[in-house]
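Following: one structure in structure tokens, then a few remarks.
Laboratory data are not the source of any read-out in this text; all were calculated from the coordinates shown. What you are looking at is a predicted structure, and each value in this text was computed from that prediction instead of being measured.
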Amino acid sequence: MMLVGPMKKKVVMTAIISFLVPVLILGIVVIVMSSNYKDQITELKIQSEVINRYVLKNDVPFNHVITAEDLELIGVKAVSAPTDSYEAKDKEKLIGRKLKIYAKAKTILTESMFYAEDSEPTMDLRLQEFNMILLPSDLVENDYVDVRLLFPTGEDYSVLIGKRVERYSNNTIFLRLTEDEILTIGSAIVEAYIVDGAKLYANKYVDPSTQLFEYREVDYVARYNNVVRQLIEEKTTAAVDELRANLLAQNPGATEEELEALNGQVSYTVADISRDDIVRLVGLSDEEVKDIELAINKNDEEVLNIYRHKNVTTRKHLAKTYPVKEGVLRLIQSNPNILQEVKNNFNTDEILAQRLQMLDTSIDEINGNAEKVREELEVEIQTQKEERVTYLKSLLNAETTK
């Protein structure tokens, strides 16, 4: 029997819907799959992108100044390159920079591996000039020295430890010193002036890279994970304690089960933690911490391995042995310009230079009076030294009787 009227329309509509629904579903599936496929292709392109970055050809010590021979340009995965690494156009920026760490061959060079242009200054550092220290004959700039004070009794004290010679010329050296070190060396200079036969001298390091510094590998990925876990635990504990305190304030008779149930009400992730705290506790720059986080999210083992085996240079703890005299220290603190004042009033250096010049002058050039002039200069030097000692002792006595 043929279908007529409404019944026929109903059957036709059902057939159409039955046909269109699978077609629509199939279309949506195709669109989603196509979109995912494009995303996967894009991600694969990003993961496989190779860029050129500078690495070291060989192992180099700390304080090494980079030359063109140290550099090698190689291809690395773009996602693996630290954000502050150097590309091909940066070669001139690299040459002449000084490394502040020991670095192995094939290490990707980054900005954080180098001293700032002003050579690692801090707020309390000052560049001090010294011309009264006996110096090694083979001393050159960038050598490391101890400054020591030797007394006639044989006592030999270290006054300054492991200082780099910033500049050196005409028996004058420049050292970077903290305020405490300035006071210490000032005290030693005063004592060297006062004690007859005392000698202030510089002792040069044979191999400062091993004598002054230690090198170790640090797993910064593990440190990052530990820091994040610790900060989340601390934040969670603080939040739970606050919830418990509020509950007990409202309901002093709350049971232990009710208090324990509060633990499940708090949940934090790394996004809830202070970034400044993470950076401070991990001990890396903000950019380096971002590199680790990105690598963890992308499961990028190449970048993670860089931070798992990062070379760190630390200074060995070498303590000075010179016992600063309290009276001398008070004198210097009460008159910070005392050493310059003494130098101005009792300038034996200038007289000594004249005497040394006389030794190279012939008798004829000074009308046969060379020996007499030398003797007069020697007497003047000795007089100046004695007057300087008397003056300093009088100042010390005045400080002691205050």
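Whole-Hz Karplus ³J(HN,Hα) for the stretch 221-235, in order, using 6.51 cos²θ - 1.76 cosθ + 1.60 and θ = phi - 60°, x for Gly and Pro?
Calculated HN-Hα couplings, in order: 5, 4, 5, 4, 4, 5, 5, 4, 4, 5, 5, 5, 4, 5, 5 Hz.
How long is the gain from LYS77 to LYS316 if the chain were fully straight, where each residue apart is worth 0.36 nm and the alpha carbon distance is subtracted? Can you show the working numbers first?
Values: separation 239, 0.36 × 239 = 86.04 nm, distance 3.65 nm.
Once the chain is fully extended between LYS77 and LYS316, it gains 82.4 nm.
How large is ³J(HN,Hα) for each residue in the stretch 293-303, as worked out from phi by the Karplus curve 6.51 cos²θ - 1.76 cosθ + 1.60 (θ = phi - 60°), to whole Hz, x for Gly and Pro?
4, 5, 5, 5, 5, 8, 6, 8, 5, 5, 5
Near the amide H of PHE213, under 5 Å away, which other amide H atoms are found, from residues 5 or more places off or on another chain, if H is placed in the peptide plane?
LYS316
Starting from the Cα coordinates of the stretch 220-308, work out the convex hull volume and express it per residue in Å³. Please list the in-between numbers first.
Details: hull volume 8.7 nm³, N = 89.
Convex hull of Cα atoms, per residue: 98 Å³.
What is the set of long-range amide H partners of LEU134 at a cut-off below 5 Å, with H atoms built 1.01 Å from backbone N?
Result for LEU134 returns LEU200, TYR201, ALA202.
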